[in-house]
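Visitor: Below you will find the structure I want to go over with you.
The values are calculated or read from the model by the stated rules, or taken from the named source; none is laboratory data. Treat the numbers as computed from the prediction; the structure is a model and nothing was measured. No Cβ is skipped: glycine too gets one built from the backbone with ideal geometry, and neighbour counts run over all protein chains shown.
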Amino acid sequence: MKRKTTNQWLVILTATLLSATSIRAEETSEEEVKEGLLLKQSKVPLSDNGIYLKFGGYADAYYGYHTAAKKDARPSWAGGSATTGRIFESASEQFTLGLIQTKFELGNNDWQVVADLIHGPNAELTNFNNLSPAGESNTSTAIKQAYVSAGLLDNLTLTVGQFGTHIGYEVVESYQNANYMLGYLFGYGPFYHTGAKLDYNLADKVGLMVGAVNGWDSYVDNNREKTAIAQLSFPVLSPLTFIINYAGGDEGAGWRNIGDIVIQYDITASFKVGLNLVAGNEKPAGAKAQNWGGAALYLSYVFSDAFTLSYRGEYFDDKTGIRGLGPVIVQAHTLTGTIAMYDGHFLIRPEVKYDLADTDFYGVAGDLKKDNVSALIAFTGVF
């Protein structure tokens with residue numbers, strides 16, 4: 001596809017969505033109805049003074065196929081040749097485990113302690129920077145989130161530890177996303193941060209978050225400098241919400257910034273439209289600044305509590321190769337059906353995805369193509 005057509009696609013996407021969309025926060029609210037399901041942890045009261053224990057999690061597995069994959073397309077973490085551009089689901093013609101999560105929260109309205117543990121292949125890909133470089137204990141790869149949080153003043157909360165990133169429309173947990181396969185915007189942004197942040201409620205449903213962290217995806221910083229994070233979230237016109245995110249700091253090899261806007265608009269109780277706009281910038285030491293970015297459109301229609309159909313259209317520009325994807329510009333279209341059984345505890349998710357690059361990109365060295373078709377069926381159990 002020619003560059004002119006690609007740019008027109010992005011302009012149409014952005015203009016259409018800016019008129020009717022709104023942003024979402026890093027973690028799905030306990031009471032949010034998503035994909036036709038009410039997803040929330042079980043809550044057990046422990047005392048009369050409001051102390052509770054929440055627990056929950058999920059496990060998933062899938063069978064996938066990629067047209068551009070090598071025949072022996074075991075996932076990269078198993079010594080095989082990963083399918084280009086895949087964040088997690090690189091295996092082809094394989095039954096593959098995805099992620100196992102167990103999340104616990106103890107606290108009350110004033111304080112909380114959270115242990116959010118993940119296991120399996122996608123856990124190691126999520127926490128790749130937590131792998132021990134010298135062969136010591138690698139148990140840190142099991143930590144998605146581990147933090148303590150407490151209210152310091154009215155409307156002011158302090159959180160310290162490792163927590164999921166505020167950047168992006170999607171999250172690591174597959175069942176909380178409209179699509180099973182991660183999008184480019186989230187997959188090539190940060191997954192988590194380790195540090196401290198302050199959340200302040202400026203007004204009704206208007207929130208401000210600021211913090212300092214050890215950069216991107218690492219519980220140990222590679223230098224003494226810290227990365228600043230911030231988020232401003234506010235309603236515009238119900239049912240329209242809007243969030244602006246930022247992260248910027250010295251990542252060791254140079255200064256890195258990322259700005260992120262997430263918008264979500266509930267056209268009806270069943271039909272949701274979302275938009276994610278991302279712009280990134282990185283300046284390696286002694287070199288010119290290099291940019292990356294893109295946009296993603298999300299459409300989701302809940303036909304019933306038993307079935308939801310979701311579409312994601314993406315445009316991602318890494319023509320400088322600074323994010324490790326390129327140099328390439330890609331488009332992708334993903335269609336996902338979510339079949340929910342047993343009150344949402346068992347999900348079957350057939351999905352098909354079409355990727356198109358502006359150059360030969362998908363496949364393996366010596367046999368690259370401009371496009372790739374992925375098809376998979378995922379099975380998820382939520383508890």
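Visitor: Looking for whichever is of a type outside the set (D, E), within 16 Å of S218 (Cβ to Cβ) and touching a residue at least 12 places away in the same chain (Cβ under 8 Å) here; the options are G164, G168. Which one fits?
Guide: Going through G164, G168 in turn, just one is of a type outside the set (D, E), within 16 Å of S218 (Cβ to Cβ) and touching a residue at least 12 places away in the same chain (Cβ under 8 Å): G164.
Visitor: Still on this structure, I have one more. Checking V172 against (1) assigned to a strand (DSSP E or B); (2) crowded, with 18+ Cβ neighbours inside 10 Å, which test does it fail?
Guide: Unmet condition: (1).
Visitor: Would the stretch 271-294 turn up any residue that is under 25 Å from T194 (Cβ atoms), basic (K, R) and touching a residue at least 24 places away in the same chain (Cβ under 8 Å)?
Guide: Looking through the stretch 271-294, at least one residue is under 25 Å from T194 (Cβ atoms), basic (K, R) and touching a residue at least 24 places away in the same chain (Cβ under 8 Å).
Visitor: How many residues, within the stretch 328-337, are touching a residue at least 24 places away in the same chain (Cβ under 8 Å) and either farther than 20 Å from L275 by Cα or exposed (fewer than 15 other Cβ atoms within 10 Å of the Cβ) (or both)?
Guide: 1
Visitor: Please indicate, with yes or no, whether at least one residue in the stretch 213-224 is crowded, with 17+ Cβ neighbours inside 10 Å, within 30 Å of T338 (Cβ to Cβ) and of a type in the set (S, T, N, Q).
Guide: no
Visitor: Taking the options P45, P75, name whichever one is of a type outside the set (D, E) and modelled with pLDDT under 75.
Guide: After applying the criteria, what remains is P75.
Visitor: Return a yes/no flag: does the stretch 315-324 have any residue that is of a type in the set (S, T, Y) and closer than 21 Å to Q176 by Cβ.
Guide: no
Visitor: With respect to the numbered conditions (1) closer than 17 Å to K144 by Cα; (2) among the hydroxyl-bearing types (S, T, Y); (3) part of a strand (DSSP E or B), which one is the sole condition not fulfilled by Y200?
Guide: The single condition Y200 does not satisfy is (1).
Visitor: Which of the residues belonging to the stretch 237-279 are among the hydroxyl-bearing types (S, T, Y) and in contact with a Lys or Arg (Cβ under 8 Å, 6 or more places away or on another chain)?
Guide: T241, Y265
Visitor: Moving on to the next point. Across the stretch 361-382, what is the total count of residues that are surrounded by fewer than 22 Cβ atoms within 10 Å (Cβ to Cβ), modelled with pLDDT under 90 and assigned to a loop (DSSP other than H, G, I, E, B)?
Guide: Adding up the residues that qualify gives 2.
Visitor: Being within 29 Å of W255 (Cα to Cα) and surrounded by 21 or more Cβ atoms within 10 Å (Cβ to Cβ) narrows it down to one of G324, G280, G286, G274, so name that one.
Guide: The match here is G280.
Visitor: Could I ask something else about it? Could you tell me which numbered condition R312 fails, if it satisfies all but one of (1) closer than 25 Å to I258 by Cβ; (2) assigned to a strand (DSSP E or B); (3) in contact with an Asp or Glu (Cβ under 7 Å, 6 or more places away or on another chain)?
Guide: The one condition R312 does not meet is (3).
Visitor: Looking only at residues in the stretch 289-306 that are among the aromatic types (F, W, Y) and surrounded by 15 or more Cβ atoms within 10 Å (Cβ to Cβ), which one is farthest from Y175 (Cα to Cα)?
Guide: Top of the filtered list is W292.
Visitor: Just for strands (runs of 3 or more DSSP E) wholly inside the stretch 211-309: which have at least 2 residues that are of a type in the set (G, A, S), touching a Ser or Thr at 6+ places or on another chain (Cβ under 7 Å) and at pLDDT 90 or above?
Guide: Here the list reads 240-250, 290-304.
Visitor: Can you tell which of Y315, Y354 is surrounded by fewer than 21 Cβ atoms within 10 Å (Cβ to Cβ) and in contact with a Ser or Thr (Cβ under 9 Å, 6 or more places away or on another chain)?
Guide: Matching residue, one of Y315, Y354: Y354.
Visitor: Looking at the stretch 140-157 only, could you name the residues that are touching a residue at least 40 places away in the same chain (Cβ under 8 Å) and in contact with an Asp or Glu (Cβ under 8 Å, 6 or more places away or on another chain)?
Guide: Across the stretch 140-157, the qualifying residues are I143, K144, Q145, A150, G151, L156, T157.
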